[in-house]
Every structure is written in structure tokens, then in C-alpha cells.
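Student: Sharing a structure here in C-alpha cells format.
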Amino acid sequence: MSKLLIKNAYIITMNSEREVYENGSILIENDKILKVGKIDFNDLGNNVEEYDAKGKIVMPGLINTHVHLSQQLGRGIADDVDLLTWLRDRVWPYESGFTYEDSYISSKACCIEMIKSGVTTFLESGGQYVDAMVQAVSDTGIRGCLAKSVMDQGEGLPAVWQKSTEEELKTQIELFEKYNNSAQGRVKIWFGLRTIFNNSDELLIETKKLADKYNTGMHMHIAEISGEIDFAKATRGTSTVEHLNKLGILGSNLLAVHTVWLTNREIDLFRLNDVKVSHNPAAAMKVVLGFASVPEMLSKGIPVSIGTDGAPSNNRMDMMREMYLTSLIHKGRTLDPTVVSAEKVLEMATINGAKCALLDKEIGSLECGKKADLIILNPNTIHSLPMHNPIGNIVYSMSSENVESTICNGTWLMKERKIEVLDEKELLEEVKTQGEKIRKKANISLNSNFKIIK
Ligand SMILES: [Zn+2]
């Protein structure tokens, strides 16, 4: 039995009452929260590690609900290009040449970047080497809902990815049975669906049946670009969401990512069917997907969370930066400064993220009995003082530099900016070497108008 007491902290619990303790403590036993708030230090028992967090903020770990682990080494290969070039000339050649080793290093690097920005749980959109992703989650101590990238049709798809519907379903069942709840329960296996461009109706229907049967989630890019709606109308006779509704895919275990091009009726369909949403503000702007109706969805009670998307479309896996963007772009879009407030953003990045991960009984807030997934923020930087309004400061002023420590499942993953789970310097070298190797293999050339002198 190991216990950890974090004391003298400003604690933002994110419980249902949204209680905040100006001077509180939190007691962790093994992987769980034993007590939170005002704690009597006299009855703690023996062998308690104490950590003084005076002047610091403790809050639930952030939940990044849309990540592409395998795209981490593709950061910078697809800047300032249109989406078709982004996909077919850059990201597909890069990712389709992947080996297990590429995927493992890419995943590990992505997990460490997330840990450094305060993420304790992420939802993977889908890569090819799920076993390598499981290994990276296991080695870095983070929590992840992993999925295979599933595609049984689509124009221009690399040959290595052309699989039959049956093959894609069979592989996913095998992965679920092998890895779900592995790494001390930190790995959950989800069923992947890429996009309506790449998924047949049979695959959509059978995946939904399996997700229901195995009681797990489905992760899908939905209504991402306006061309997707045109494609759905041309091939299915109606828009993506209307079609998914007709097929019976909409449900509480569906995470819909991006959801930029929705009608009011489709937003209502999401509400009626308890569909979960991942909003990705940086990707919405950088890859010019467009702006999702986030305040509208939130006002209807849809659990909207926040995701970074992958490294070629963001290019940071930095949830602190993503929270800032989430609030700002919707104020700008609606010309209403009251929408998507700092408090709302914090809900999106924590408890709403937990709902999207289908794990809100276990994570997303600091409450007795929940998993000890939390972060310690140090506000003592010139860009975040004074602290008139701590929650406003977290969203509008702080950056990932302020994330001082990250604890997941009761274990320190980063303590006072030092990564505890692996040698970070070694990882940086691996990222450089492997990144270069992959770019050469994929034969991606990047144009520049600047004069490069060697
Ligand atoms: Zn994505």
C-alpha cells in the first residue's frame, strides 16, 4: 500500500458541485483518490509520502479526445497545403510506410508531449500498429482508449491499407480480446471507423453491433469538411449524420470528431442519441475544416470535449493551448464574449472528456474513489501572474510550461518538469533519427521560397 498526500493546494475538483478548495489536500492510495478537500492530517496512517503544493493548483488531468499517435513523427510534413495534398501526397505516403518500430517511437513521443501538457487520458483515432500503441501507453504510464484505423474502401487508398470488411472486423475483435484493460487497466480498446469516405455501410453496421456487444466506444471523423457532405449525398443519398442515423449508428458509444458541417436537425439527432463530440479548434483552422457549432451543441447538453488531432494538422499535442483556442474562436465566430467561458472550457477538457471516453465514473474529476489522475500547475511565471482569477488564468494565460507535475493512476509521470517514466533526452534523439528515416522513405519533398544555404 502506498499513500501520497498533496497538501496546501488550490484544488479545482470538477465534481458535480464544482467545488474549489482555496487551501485543500488530496490523499491518494495506490491508484485511487482516498480523500479530497479538508483533510485531518492526524489519521493518515503510516508510510505517507507528503508533497507540499503551496501556491500551486491541483486539478484533474486533461483529457485529449482526438489524437493520432502514429502521426507524431509527421509533424511539419504538411504545412500550408490544401487538404487533398495534405492527405494523399503527405500523410498517406508517410503513414503507409510505417513499421512497428516507427509506430512505437511515434506513439511514445506523442504520449510524452501530452504528459508534458497535463494530459492523463487520450482517445486515439486509429493507427495500424495497435500493439505498438499499447506498448507506448504501457511504458509511459498514461491512460488511452486505442483503436485501429479501419478502412474497407476509398479512392487512392495505399495498397497496404486495402482490407476487406471481414478482415477489419476480425482484427479488431482480436485486438479487443488481447489488449482491453491491459497496462493495469489503463488501455481500453475501441472500435475504429475512419470516415464515410473509407467505410462501407456493412462495416458501419457491423462495427456498431460489435461496440454494443463488447460495451466499448467507436471513434469516427464526422462532417469534417463540406466535401464530405457532398460525397455522402452522392453515394448514400443524404448527409453523413442523416445516413448514420438511418443505419442506427448514432448512440451513446459514438464519438463524433470535428462535426463542423452539421445542420440544426443533426445537432438535435446527436442530443437525442447521446452522441459524444470532440472539438479540435487548431485543426479546424490550420487544415481549414471550418468552425463547429460548439456553443450551440453545449447549450443543448451535448458532451463536447477537446482534441488536438495529429501532429501534421495542429502541430502541437498541447491541451493548454487547445483550451485557449477553444474559448477564443467561438467568441470570435459568434461575436459573443460570454460563450464558451473559461469555466466551460475546463469542463470540456476534464469531465466532458471523461464522458466522451465513457469513463466518467472513473476519471474527469477529483472525487473519492475515482482514479488518481491529476496535474499540478505552477502559476509562478511572468505570463500568468497575478492570480485574480485562477480558472481564467489557466485557460487564457497559462501554457504547458505551467504544468509542473502529472500523475496518472496514482503514479508520477512527470514531477517538477522531469519525465519520470523514461529518459527524455534519449527519446529526443530517437525522434530525430526515426523522423528523418521515415521522411526519406516516404520521399516527401517540402517546397520553400526561402533560399536554403547548406
Ligand atoms: Zn483526425
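The values are calculated or read from the model by the stated rules, or taken from the named source; none is laboratory data. All values reported here derive from a predicted model rather than from experimental measurement. Cβ coordinates were reconstructed from backbone atoms using ideal geometry, including for glycine residues, and neighbour counts include every protein chain displayed. Surface accessibility is based on the protein's heavy atoms, side chains included, excluding ligands, DNA and RNA. Shrake-Rupley method; radii C 1.70, N 1.55, O 1.52, S 1.80 Å.
Student: Per-residue ellipticity at 222 nm for the chain, helices alone: DSSP H runs ≥ 4 residues times -39500 (n - 2.57), over residue total, nearest 500 deg cm²/dmol? Intermediate values should be presented prior to the final figure.
Tutor: On the way: 15 runs with 157 residues, N = 454.
Dividing the helical sum by the residues of the chain leaves -10500 deg cm²/dmol.
Student: Another question, if that's okay. Would you list which aspartates and glutamates come within 13 Å of Lys300, measuring only between C-alpha atoms, while excluding same-chain residues fewer than 8 positions from it?
Tutor: Counting by Cα, and skipping residues close in sequence, Lys300 has these aspartates and glutamates nearby: Glu266, Asp268, Asp274.
Student: Okay, next question. If the cut-off is 17 Å between C-alpha atoms, which lysines fall inside it for Lys440, apart from same-chain ones fewer than 8 positions away?
Tutor: Those lysines meeting the cut-off are Lys432.
Student: Follow-up question, since we're still on this one. Considering only protein heavy atoms and a probe of 1.4 Å, how much of the accessible area of segment 62-356 is carbon and sulfur, as a whole percent?
Tutor: Values: 4930 of 9620 Å².
Of all accessible area on segment 62-356, carbon and sulfur atoms account for 51 percent.
Student: Below 20 Å, Cα to Cα, which lysines can Lys425 reach? Residues fewer than 8 away in the same chain don't count.
Tutor: Within the straight-line cut-off, Lys425 pairs with Lys108, Lys116, Lys415, Lys437.
Student: When only DSSP loop residues count, what trypsin sites (Lys or Arg not before Pro) in segment 53-87 have their Cβ near at most 10 other Cβ atoms within 10 Å? The partial results should precede the final answer.
Tutor: On the way: sites: Lys54, Lys56, Arg75; in loops: Lys54, Lys56, Arg75.
When the trypsin sites (Lys or Arg not before Pro) of segment 53-87 are filtered for loop state and at most 10 Cβ neighbours within 10 Å, Lys54 remain.
Student: To continue, here is another question. Does segment 62-356 come out rounded, prolate or oblate by the C-alpha gyration tensor, with a ≥ b ≥ c the root eigenvalues, rounded set by a/c under 1.5 and, if not, prolate when a/b is larger than b/c and oblate if not?
Tutor: Values: a/c = 1.29, a/b = 1.11, b/c = 1.16.
Here segment 62-356 falls in the rounded category.
Student: Looking at this model, which pairs from Lys32/Lys355; Lys56/Lys344; Lys148/Lys286; Lys38/Lys276 are more than 27 angstrom apart at the alpha-carbon? Don't skip to the end; give the middle numbers.
Tutor: Numbers: Lys32/Lys355 19 Å; Lys56/Lys344 21 Å; Lys148/Lys286 25 Å; Lys38/Lys276 34 Å.
Too far apart for the 27 Å limit: Lys38/Lys276.
Student: Can I ask one more? Is segment 275-342 rounded, prolate or oblate when judged by the Cα gyration tensor, a ≥ b ≥ c being the square roots of its eigenvalues, rounded requiring a/c under 1.5 and prolate requiring a/b larger than b/c? Don't skip to the answer; put the middle values down first.
Tutor: On the way: a/c = 1.74, a/b = 1.43, b/c = 1.21.
It is prolate, given that a/c is not under 1.5 and a/b is the larger ratio.
Student: Leaving out ligands and nucleic acids, note down the accessible area per residue over segment 62-356 with a 1.4 angstrom probe, in whole Å².
Tutor: Here the per-residue accessible area is 33 Å².
Student: How much of the DSSP bridge set in the chain is antiparallel, in percent, rounded to the nearest 5? Numbers along the way, then the final one.
Tutor: Working: 26 of 57 bridges.
Taking every DSSP beta bridge within the chain, about 45 percent pair in antiparallel fashion.
Student: Compute the distance from the alpha-carbon center of segment 79-122 to that of segment 1-31, in whole Å.
Tutor: 34
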